[in-house]
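J.: Handing you a structure now.
The values are calculated or read from the model by the stated rules, or taken from the named source; none is laboratory data. In this text, all values refer to a predicted model and were calculated from it rather than measured experimentally. Every residue, glycine as well, gets a Cβ built from its backbone with ideal geometry; the counts of neighbours run over all protein chains shown.
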Amino acid sequence: MSTPSATLSQTGHTGAPTVRELTLAQAIREALAEELRRDPTVYIMGEDVAEAGTPFKVLSGLVEEFGPQRIIDSPISEAGITGLGVGAAMTGMRPVVDIMFGDFLGLIMDQLANQAAKVHYMSGGKLKVPLVVRTTLGATRRSAAQHSQSLHAWVSHIPGLKVALPSTPYDAKGLLKTAIRDDNPVVFFEDKMMYQLKGPVPEEEYTIPLGVADVKRAGTDITIVATSSMVQVALVAADNLERLGISAEVVDPRTMFPLDKETLIASAQKTSRAIVVDEGYERYGVTAELAAVIAEGAFYSLDAPVKRMGAMDVPVPFSPVLEDQTVPTPATVTELAKTLCGRA
Amino acid sequence: MSTPSATLSQTGHTGAPTVRELTLAQAIREALAEELRRDPTVYIMGEDVAEAGTPFKVLSGLVEEFGPQRIIDSPISEAGITGLGVGAAMTGMRPVVDIMFGDFLGLIMDQLANQAAKVHYMSGGKLKVPLVVRTTLGATRRSAAQHSQSLHAWVSHIPGLKVALPSTPYDAKGLLKTAIRDDNPVVFFEDKMMYQLKGPVPEEEYTIPLGVADVKRAGTDITIVATSSMVQVALVAADNLERLGISAEVVDPRTMFPLDKETLIASAQKTSRAIVVDEGYERYGVTAELAAVIAEGAFYSLDAPVKRMGAMDVPVPFSPVLEDQTVPTPATVTELAKTLCGRA
Amino acid sequence: MTQVQASRPTRKSHSAPAEERERFLSMYRQMVRIRLFEEQVNDLYKTARMPGLAHLYSGEEAVAVGVCATLRRDDYITSTHRGHGHCLAKGASIDRMFAELLGKAPGYCRGKGGSMHIADQDTGNLGANAIVGGSAGIATGAAFASKMRGQDRVAVCFFGDGALGQGLLYEVMNMASLWKLPVIYVCENNLYNEYTHYTETTAGALTERAKAFGIHTDAVDGQDVRAVYAAARQLVDRARGGDGPAFLLCDTYRFYGHHVGDIQRTYYRSKEEEEHWKTQRDPLILLGQWLSAEGIAGESDLEHLRDEARAEVEAGVRFALDAPFPELSEVDQHVYA
Amino acid sequence: MTQVQASRPTRKSHSAPAEERERFLSMYRQMVRIRLFEEQVNDLYKTARMPGLAHLYSGEEAVAVGVCATLRRDDYITSTHRGHGHCLAKGASIDRMFAELLGKAPGYCRGKGGSMHIADQDTGNLGANAIVGGSAGIATGAAFASKMRGQDRVAVCFFGDGALGQGLLYEVMNMASLWKLPVIYVCENNLYNEYTHYTETTAGALTERAKAFGIHTDAVDGQDVRAVYAAARQLVDRARGGDGPAFLLCDTYRFYGHHVGDIQRTYYRSKEEEEHWKTQRDPLILLGQWLSAEGIAGESDLEHLRDEARAEVEAGVRFALDAPFPELSEVDQHVYA
Ligand SMILES: Cc1ncc(C[n+]2csc(CCOP(=O)(O)OP(=O)(O)O)c2C)c(N)n1
Ligand SMILES: Cc1ncc(C[n+]2csc(CCOP(=O)(O)OP(=O)(O)O)c2C)c(N)n1
Ligand SMILES: [Mg+2]
Ligand SMILES: [Mg+2]
C-alpha cells in the first residue's frame, strides 16, 4: 500500500513522518480540530454535535476546545442548517454541516443541488460556496431502511458538487482537510461501520487532493475498484484470491467527483478484468458510472465484461438474516472475481 | 414503428383502431380524464392544477369536469403534497401529485425515497402506496439552472419506485394509465418541450405495461438507446445516418424501472455498436446504467465501446448560446454515431 | 406514596361511573403492558439478544394510552422511532411486536421493519417512522383520504418536540387547516431532542406553532392519563364531527435514555431531574393513586393487572425468541406490490 | 389625480426636512427606474428579443425601494423569481441587468443566470432564486455569518406570499429567533401564488407565521413607500443593534401577469381589481402626490426624473442589445471555483 508516503510527499514534506494508529473517527476529529484552529471561519453545525459529540461520538471534545460558538447544536432541521451553511459560505465562512445519517440527504437535496451546487455558476463565477456537508453511509448496523442507505450517487450526479468517500483513517483526514479548504461544496461520506477502524496517520500535517485515486493493493490479474467500506471488503477478497493464485489490484477512487478516470482505466487495461464494488444500491448507482467509464476506456484491453456489485436493490431490511445478504462481502466479491477469472 | 398496433394488442383489442393525432399534452390529459372517470379514488393535487390547468395547460378542462374536490389546487408545498399523497395512497386513494418542475424533486426526495418507496417493504408487504408523481424534465426553454434539469436518475436509483419517461403521445397515454393503476409509487417524467409534439393515439382504450422497451425504428448497424425527448433527437439522427448509408436502430426503454434489459442488449448484440442518449447530466446519470447494462450484456458482440451522451455536466446556463451546447442534438448524435461506425 | 401532583386540573368526562371505572382500569392495564414490554426490550438489549437499538417509551405511556383510548380501531395513527407505546396502545399484540423487534418472521412486518418501522394495518397503525417528522404528511394524507371518501375516520400524528424543527410539519398543518382535515397532531414534549434540551432548539411557545395556522390547540399534563384522555376525547370528537384539525401538546418525560444504549446521561440531564419524574410524575403511579383514592381498584387489584401483563410479556418474548427468522429468499420480496 | 389613500398611517421618521426631501425624491427615482425597466422588459418579450420569460415587479416597487433605502451597500439581500426590483433597489445598474436578461457577456452573471438568478456581489445581492422560498436559508446564513464574524451587516430576505407554503422558511425562522440573527423576512403579499389567490392556500393570519417563533413582526401598506421605509428602518435598526430578526408583511399587487406571457388573467382575477390597484394604489402615483402636496417636487420635477430614468433605460437596453454573447467556451467555466 502506497498511501502514507506517496501522498505525504504531495504536501512537500520530507524526512521520516511520525505515524500513529488512529481510528477513522479520531482521524476525522483531528482533521476538524486542525482546520478549526487554522481558520477562524470554519465552524460546525448539526444536531447534537456539541456536548454529545454526535451519536457516533466523532466530535467528542471539540466543543470543549472551540466553544459553543463554533460547534453549534442545531434544531432537527436538516434543510435549514444546510441552507444556513450555503448562505454563510457565500458570505465568508467555511461551514461544516453535520447530517447525522446519509438517509437524510432527501431532506436537503434542494439546498445542495439547486442552491449550493449552482450558486457559483449561476452568478457567473462571482459567488462561491465553500461548504462541507459531512454525512454517513453504510448498512449492517441493524438500523433498517431509513438509517442504512448509501446515497452518494445522488450528489455525485450533480455538477457543482464534489464528493469524497474515504476508506481509511489516513484518507479521511487528508481528504477532509482538503474538502474544508476547497472553495466548492463538498459532500463527505463516512461509513458509520468504519469509525472504529484503525490505520496509520502521520503526526505531521498533510492533505490529499480531491480527484486522485489510490491503488490500495497492486495486482496483475483483476482490478477491483471499491469505494468507502467496500475497500476493506475488497482487500480481504484480494487476500482470498491471492491464496487461489489470483493477483487482484484494489483501486480506491477516493472521490466520486472529481473522478480519477485515468487510474481506473489504466488498472483495468493492465489486468484486463474489472469488478466495481460499492455499498449504494446497484441500479443507477455509482457502480454504473465506474463500470461504464472502465468499459469504455479499457474496451480494447478487456477480456471479460466489467462486473458490478452494489447493494441489493431493496430497501434495507431490519432482520439481520436479511440485511446481511444485501451488501457485498469478501466472500461474494471473491466468488465474482473467481468467476470472472474463469476459476469458478 | 411498431408502436400502436403492437401494444394495442396487449390489451386484447382487435379490429382497426380509430387513430387521431394528439399532442403529448392532450394524450396526458386524456389518460388522466379516463382514469378519473373510471376510478373515484383517483385525484390530482398540485400547484395551479385547477382553473389554471398548470402553467403548461396540460390539465385544462379537468376541474370543469371533475370539480375542485378532485382537481385540487395546493399551497406551494411540494414535500407536503407528496406526503399527503403517500398517506392518502396508503389509505385507499390513488393520488396523482403534480410537481411542476422536475427540479423541485430535491424538495420531495425524502417523501419519495424514504416514505413512498419503502412503506410496502418495511411493512412486510402489508401497506402499499399506489401514488403517481407527475413531473417534468428537459432544457432549452431558457429557464436557467433551477427549471431545466432532468433528474430522473435520482428516483431511478431507489428500490421501491418505478420511473416512466414517455417519448410520444401514444406512449404517454398508455404508460400514464398503467402508472395510475399500478400499486406502487411511480414517478412520471414529461418533457416540457414535447407537450406540443403530435402523434397518433387511438380512440380505443389501451394501456402499456411498465418495463417493455419499444423499438422506435429498426436498424442493423448501430443501436441508439434514447429516453424521453432524446428519442425524437435520435430519430432525426437516424434519418441523417440513413442518408449516409448507416442503418440505426432506435430503442426507447420507456421506463427506467422496470428496465427492459433484454431488448436493449438484444439490439446491441444485433448491431454490435451502441450509443445511449439522455437529457440528464451525464455523470452518474442514467446513461451510465444503460451503458453498463449493454456493455456487460452484449460484451461478446460489441465491436466498439458503448458511448454515452447525456447533458453536459454543468448547471444549465440561461444564455441561449450556452444552453444549446449542453444537450445532445441530432447533429451531435449523428456525429458520434458516424465516429463509432468508423465513418468520421 | 405521596399525593398526586396534577400540574393541570383534570377535565371531568361526565361519563357514567361504571363506564369510567372500566375505562381507567383498562388504561392502567395498557400502560402497564407498555411499561413491562419496554423493560423486557431493555433487557433483550442488555443481554445482546436484540439486533440494533430501540427507543423506549417508558414514562410517556399516558400520552399514547390516553389518546388511543379515544380512537376507534379503524382510526389511523402514525408513530415515531419511539413507537412501541403507540403501537400497543392502538391494539397491537405483544408477541408479534417482540417478534418484529427480533427480526423474526411472525413479526408485524415479517422482521423487515424492526423497532423503528412497526406498522399494523389491522389496528390502523400506518407505521413508526425513523425520519423525525417524516410521518406528518402520511397522517395528514390519511385524514385527507378519510374526508374525501366521506368516512369519519380520524388520524392521529404522534411526534416529539424535536419534530417541530422539520419544515414538513408546517406545510401539512397549513393544508390540514385549510381543508379542515380530521387530523390531530400530538406533540410529545419529553424535553429533549435526543441529547439537547428543547429550549435550545425551539424558539417561541410550542402551541403557537399550530395556532399560527388557525389550528385549534390544547395542552395537557402528559403524565396524567385522565387529562390526556379528556383533552383528546374533545379533539377527536371535533375532528370526527367535521370541525377540523387540532394540536395537542403533552408535557412528558422519557425515563430511559434516548435509546437503550444511552446510559451516560448526566452531561445533558441531571440525575435529580430523572428522579423527580420517576418518583413524582410516573403516569402509572399517578393513575394508580387515583384509582385507589376513588375506590376503583386497590393495590392488590393493580398487582393482579401487573401480573397479567407480566405473564403476557413473558409469553410474548418467549414466542418471539422461539420464532423463526424469515426465509432468506424474502429479502427481495415486497419491494414492489 | 385623486387624493392619496393611505390604508395605514405613515410613521413619522423624524429626520430633518432636507434629508427627508432628498430621501423620498431618491426613492421616487428608484421606483421610476424599476417601472421603466420593467416596461422595457415586457417590450423585449413581446417583440421576441428576450430569451425565456420574466416575472415583472411593476406595482410592487415601494417594497423593494422602501426596504433597500434602509440598507447599507454591504448589507445583504436575497431575492426571488420576481427580482428585478430588488436588484435595482439595492444598487445594480440598468445596463448590466438588461445584459443579463438577454444572456449577454457583460450581464451581472455573464448571461448564465438570466432574470431569475441575477446576483450582484458588489451591492450585496446574494441572488434571485427560482425555487420559491429557496433563499430563506441563504439570507439567514448570511445573517448568521455577519453575527459570527462580529460584523453589523443585516440580511433581508424578500419572498412572496406563496413562499409561506415552504417548510424551509419555518426551519430558518426558528434558528433566526433562537440565535437572534440580524435578518428581516420581507413577505410581499401580492395576493397571488401564481394563479391562485393566497387565501386558498394560506391558513390563518400571515404574521402569525413568524410570531409563532417569537419573531418581532410588523405589517405595512406595501404601496406606500414612506410606510415601508419607516417600518423597515425600525426593523433594520433593531437587527443591526443586536435585537434579532423581524418579519415585515407588505400588502402589494403586481400590475402585470405572473410572468410576461400571462396575458389572459380574468379566470383568476378581475379587470376591476387590476384597475383599482393600478389607478388607486400605484406606489408611484401615491408618492408623487405626497411629494407635490408637501411641496417637495412638482409634476415637472417628477417628469424630469422620469425623463432621466427613461434615458437610462434606453441607453441600458441599447447597451445590452449591442453587447456580445458570452464565448461558447464559457459553457463549462464556473462550474467549480
Ligand atoms: C430527519 C431526522 N433527523 C435526525 C434524526 C436523528 N434523530 C433520531 S431521534 C432524534 C431526536 C428526536 O427528538 P424528538 O422528536 O423530541 O423525539 P424523542 O426522541 O424525544 O421522542 C434525532 C435527532 C432522524 N431520525 N431524522
Ligand atoms: C419550490 C417551487 N415551487 C413552485 C415553483 C413555481 N412557481 C414559480 S413562482 C410561483 C408562485 C410564487 O408565488 P409568490 O411566492 O406569492 O410570489 P409572486 O410570484 O407572487 O411574487 C410558483 C408556484 C417554484 N418556482 N418553486
Ligand atoms: Mg423529545
Ligand atoms: Mg404572490
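J.: Quick one: B:THR82 ticks every box in (1) surrounded by fewer than 24 Cβ atoms within 10 Å (Cβ to Cβ); (2) of a type in the set (Ser, Thr, Tyr); (3) within 14 Å of chain C (Cβ to nearest Cβ) except a single one, so which number is it?
T.: Going through the list (1) surrounded by fewer than 24 Cβ atoms within 10 Å (Cβ to Cβ); (2) of a type in the set (Ser, Thr, Tyr); (3) within 14 Å of chain C (Cβ to nearest Cβ), B:THR82 breaks only (1).
J.: I would also like to ask the following. What single numbered condition from (1) under 13 Å from D:ALA128 (Cβ atoms); (2) polar (S, T, N, Q); (3) out of contact with any Cys (no Cβ under 9 Å at 6 or more places or on another chain) fails to hold for D:SER58?
T.: Among (1) under 13 Å from D:ALA128 (Cβ atoms); (2) polar (S, T, N, Q); (3) out of contact with any Cys (no Cβ under 9 Å at 6 or more places or on another chain), the lone unmet condition for D:SER58 is (1).
J.: Looking at segment A:272-302 only, could you name the residues that are among the hydroxyl-bearing types (Ser, Thr, Tyr) and at the interface with chain B (Cβ under 7 Å from one of its Cβ atoms)? Working first, answer last.
T.: So the first thing to find is which residues in segment A:272-302 are among the hydroxyl-bearing types (Ser, Thr, Tyr), and the list is A:272, A:281, A:284, A:287, A:300-301.
Within segment A:272-302, A:TYR281, A:TYR284 qualify.
J.: Looking at (1) within 16 Å of ligand 3 (Cβ to nearest atom); (2) without any contact (Cβ under 8 Å) to a residue 40 or more places away in the chain; (3) under 30 Å from A:GLU323 (Cα atoms), which is the only condition C:HIS117 fails?
T.: C:HIS117 satisfies every listed condition except (1).
J.: Inspect all residues belonging to segment D:182-190 and state whether any of them is more than 12 Å from ligand 2 (Cβ to nearest atom) and without any contact (Cβ under 8 Å) to a residue 24 or more places away in the chain.
T.: The answer is no, given that none of the residues of segment D:182-190 is more than 12 Å from ligand 2 (Cβ to nearest atom) and without any contact (Cβ under 8 Å) to a residue 24 or more places away in the chain.
J.: Which of the residues spanning segment C:68-82 are touching a strand residue (DSSP E or B) at 6+ places or on another chain (Cβ under 6 Å) and away from ligand 3 (no atom under 15 Å from the Cβ)?
T.: The answer is C:TYR76, C:ILE77, C:THR78.
J.: Check off (1) in contact (Cβ under 8 Å) with a residue 24 or more places away in the chain; (2) away from chain C (no Cβ under 12 Å); (3) part of a helix (DSSP H, G or I); (4) not charged (D, E, K, R) for B:VAL58 and give me the number that stays unchecked.
T.: With respect to (1) in contact (Cβ under 8 Å) with a residue 24 or more places away in the chain; (2) away from chain C (no Cβ under 12 Å); (3) part of a helix (DSSP H, G or I); (4) not charged (D, E, K, R), B:VAL58 is out only on (3).
J.: Then there's this: Take the residues in segment B:114-168 that are of a type in the set (D, E, K, R) and within 14 Å of chain D (Cβ to nearest Cβ); name whichever of them is nearest to the chain's Cα centre (by Cα). Even if it seems obvious, please write down each step before you answer.
T.: Start the filter on segment B:114-168 by keeping residues that are of a type in the set (D, E, K, R), which leaves B:118, B:126, B:128, B:134, B:141-142, B:162.
Still in the running and within 14 Å of chain D (Cβ to nearest Cβ): B:141-142.
Working: B:ARG141: 18, B:ARG142: 21 Å.
Checked segment B:114-168; the qualifying residue nearest to the chain's Cα centre (by Cα) is B:ARG141.
J.: While we're looking at this one, here's another question. Can you work out which of the residues in segment B:89-103 that are in contact (Cβ under 8 Å) with a residue 12 or more places away in the chain and facing another protein chain (nearest Cβ under 7 Å) is surrounded by the most Cβ atoms within 10 Å (Cβ to Cβ)? So that I can check it myself, show each step before the final result.
T.: Step one: of segment B:89-103, the residues in contact (Cβ under 8 Å) with a residue 12 or more places away in the chain are B:89-90, B:92-103.
This time we only want the ones that are facing another protein chain (nearest Cβ under 7 Å), so: B:90, B:92-93, B:103.
Values: B:MET90: 29, B:GLY92: 14, B:MET93: 25, B:ASP103: 26.
Looking at residues that are in contact (Cβ under 8 Å) with a residue 12 or more places away in the chain and facing another protein chain (nearest Cβ under 7 Å), I get B:MET90.
J.: Right, A:PRO320: over 30 Å from B:ARG273 (Cβ atoms), assigned by TED's automatic domain parsing to the domain that holds A:ASP252 and under 22 Å from the mean Cα position of the chain (by Cα) or not?
T.: Spelling it out, it is not the case that A:PRO320 is over 30 Å from B:ARG273 (Cβ atoms), assigned by TED's automatic domain parsing to the domain that holds A:ASP252 and under 22 Å from the mean Cα position of the chain (by Cα).
J.: If you don't mind, another one. When segment A:53-72 is examined, which residues are found to be within 16 Å of ligand 1 (Cβ to nearest atom) and buried (at least 21 other Cβ atoms within 10 Å of the Cβ)? Spell out how you get there, then give the answer.
T.: Filtering segment A:53-72 for residues within 16 Å of ligand 1 (Cβ to nearest atom) gives A:53-59, A:72.
Scanning segment A:53-72 gives A:GLY53, A:THR54, A:VAL58, A:LEU59, A:ILE72.
J.: Does D:TYR253 satisfy the criteria of being away from ligand 4 (no atom under 16 Å from the Cβ), farther than 20 Å from D:PHE144 by Cα and modelled with pLDDT of 95 or more?
T.: Working: away from ligand 4 (no atom under 16 Å from the Cβ): no; farther than 20 Å from D:PHE144 by Cα: yes; modelled with pLDDT of 95 or more: yes.
For D:TYR253, the condition - away from ligand 4 (no atom under 16 Å from the Cβ), farther than 20 Å from D:PHE144 by Cα and modelled with pLDDT of 95 or more - is not met.
J.: Hey, among the residues in segment C:32-77 that are outside any loop (DSSP other than H, G, I, E, B) and of a type in the set (Lys, Arg), which one's farthest from ligand 2 (Cβ to nearest atom)?
T.: So the first thing to find is which residues in segment C:32-77 are outside any loop (DSSP other than H, G, I, E, B), and the list is C:32-46, C:61-68, C:76-77.
From what is left, the residues that are of a type in the set (Lys, Arg) are C:33, C:35, C:46.
Numbers: C:ARG33: 45, C:ARG35: 45, C:LYS46: 47 Å.
Here the answer is C:LYS46.
J.: Another question, if that's okay. Here are the criteria: (1) more than 16 Å from ligand 1 (Cβ to nearest atom); (2) touching a residue at least 60 places away in the same chain (Cβ under 8 Å). Tell me which single one C:ILE138 does not satisfy.
T.: For C:ILE138, the failing item is (1).
J.: Further, regarding this structure: Go through B:ARG38, B:ARG70 for me and flag whichever is without any contact (Cβ under 8 Å) to a residue 12 or more places away in the chain and either more than 14 Å from chain C (Cβ to nearest Cβ) or over 18 Å from A:GLY106 (Cβ atoms) (or both).
T.: Going through B:ARG38, B:ARG70 in turn, the sole match is B:ARG38.
J.: Considering each residue of segment B:260-296, count those that are under 16 Å from the mean Cα position of the chain (by Cα) and hydrophobic (A, V, I, L, M, F, W, C), and give that number. Can you show your working first?
T.: Of the residues in segment B:260-296, the ones under 16 Å from the mean Cα position of the chain (by Cα) are B:260, B:276-281, B:285-287, B:289-290.
Cutting the leftovers down to hydrophobic (A, V, I, L, M, F, W, C) gives us B:276-277, B:286, B:290.
The total comes to 4.
J.: All but one of (1) within 16 Å of ligand 2 (Cβ to nearest atom); (2) not in a loop (DSSP other than H, G, I, E, B) hold for D:LEU206, so report the exception by its number.
T.: (2)
J.: If a residue counts only when it is touching a strand residue (DSSP E or B) at 6+ places or on another chain (Cβ under 7 Å), surrounded by 12 or more Cβ atoms within 10 Å (Cβ to Cβ) and of a type in the set (Phe, Trp, Tyr), which helices (runs of 4 or more DSSP H) contained entirely in segment C:262-327 have at least 3 such residues? Quick ask: steps written out before the conclusion?
T.: Working: elements: C:271-280, C:283-293, C:299-322.
In segment C:262-327, there are no helices (runs of 4 or more DSSP H) which contain 3 or more residues that are touching a strand residue (DSSP E or B) at 6+ places or on another chain (Cβ under 7 Å), surrounded by 12 or more Cβ atoms within 10 Å (Cβ to Cβ) and of a type in the set (Phe, Trp, Tyr).
J.: Could I ask something else about it? Inside segment D:81-170, counting only helices (runs of 4 or more DSSP H) that do not spill past its ends, which hold 3 or more residues that are at negative phi, within 9 Å of chain A (Cβ to nearest Cβ) and surrounded by 24 or more Cβ atoms within 10 Å (Cβ to Cβ)? Break it down stepwise before answering.
T.: Working: elements: D:84-89, D:94-101, D:136-148.
Of the helices (runs of 4 or more DSSP H) lying wholly inside segment D:81-170, those with at least 3 residues that are at negative phi, within 9 Å of chain A (Cβ to nearest Cβ) and surrounded by 24 or more Cβ atoms within 10 Å (Cβ to Cβ) span D:136-148.
J.: A follow-up question, please. Please enumerate the residues belonging to segment C:175-228 that are of a type outside the set (S, T, N, Q), within 15 Å of ligand 3 (Cβ to nearest atom) and touching a strand residue (DSSP E or B) at 6+ places or on another chain (Cβ under 9 Å). Don't jump to the end; show me each part of the working.
T.: First, the residues of segment C:175-228 that are of a type outside the set (S, T, N, Q): C:175-176, C:178-188, C:191-192, C:194-195, C:197-198, C:200, C:203-206, C:208-216, C:218-222, C:224-228.
Okay, now just the ones that are also within 15 Å of ligand 3 (Cβ to nearest atom), so C:185-188, C:191-192, C:194-195, C:197-198, C:200, C:206, C:209, C:222.
Once the filter is applied, which keeps residues that are of a type outside the set (S, T, N, Q), within 15 Å of ligand 3 (Cβ to nearest atom) and touching a strand residue (DSSP E or B) at 6+ places or on another chain (Cβ under 9 Å), segment C:175-228 yields C:TYR185, C:VAL186, C:CYS187, C:GLU188, C:LEU191, C:TYR192, C:TYR195, C:TYR198, C:GLU200, C:LEU206, C:ARG209, C:GLY222.
J.: For segment D:175-195, check the following and say yes or no: at least one residue is part of a loop (DSSP other than H, G, I, E, B), within 8 Å of another protein chain (Cβ to nearest Cβ) and more than 15 Å from ligand 4 (Cβ to nearest atom).
T.: Residues of segment D:175-195 that are part of a loop (DSSP other than H, G, I, E, B), as a first pass: D:179-182, D:190-191, D:194-195.
Among the residues that remain, those that are also within 8 Å of another protein chain (Cβ to nearest Cβ) are: D:194-195.
Then keep just the ones that are more than 15 Å from ligand 4 (Cβ to nearest atom); that gives none.
Within segment D:175-195 (the criterion being part of a loop (DSSP other than H, G, I, E, B), within 8 Å of another protein chain (Cβ to nearest Cβ) and more than 15 Å from ligand 4 (Cβ to nearest atom)), the answer is no, since none of the residues qualifies.
J.: Additional query: Filter segment B:41-55 down to the residues that are aliphatic (A, V, I, L, M) and more than 10 Å from chain D (Cβ to nearest Cβ), then identify the one that is nearest to C:ARG149 (Cα to Cα). Please lay out each step first, then the result.
T.: Kept after step one, since they are aliphatic (A, V, I, L, M), are these residues of segment B:41-55: B:42, B:44-45, B:49-50, B:52.
Still in the running and more than 10 Å from chain D (Cβ to nearest Cβ): B:42, B:44-45.
On the way: B:VAL42: 11, B:ILE44: 15, B:MET45: 16 Å.
Of everything passing the filter in segment B:41-55, B:VAL42 is nearest to C:ARG149 (Cα to Cα).
J.: Looking only at segment B:239-253, count how many residues are in a loop (DSSP other than H, G, I, E, B) and either more than 20 Å from B:ILE294 (Cα to Cα) or free of Cβ contacts under 8 Å to residues at least 40 places away in the same chain (or both).
T.: Final tally of qualifying residues: 4.
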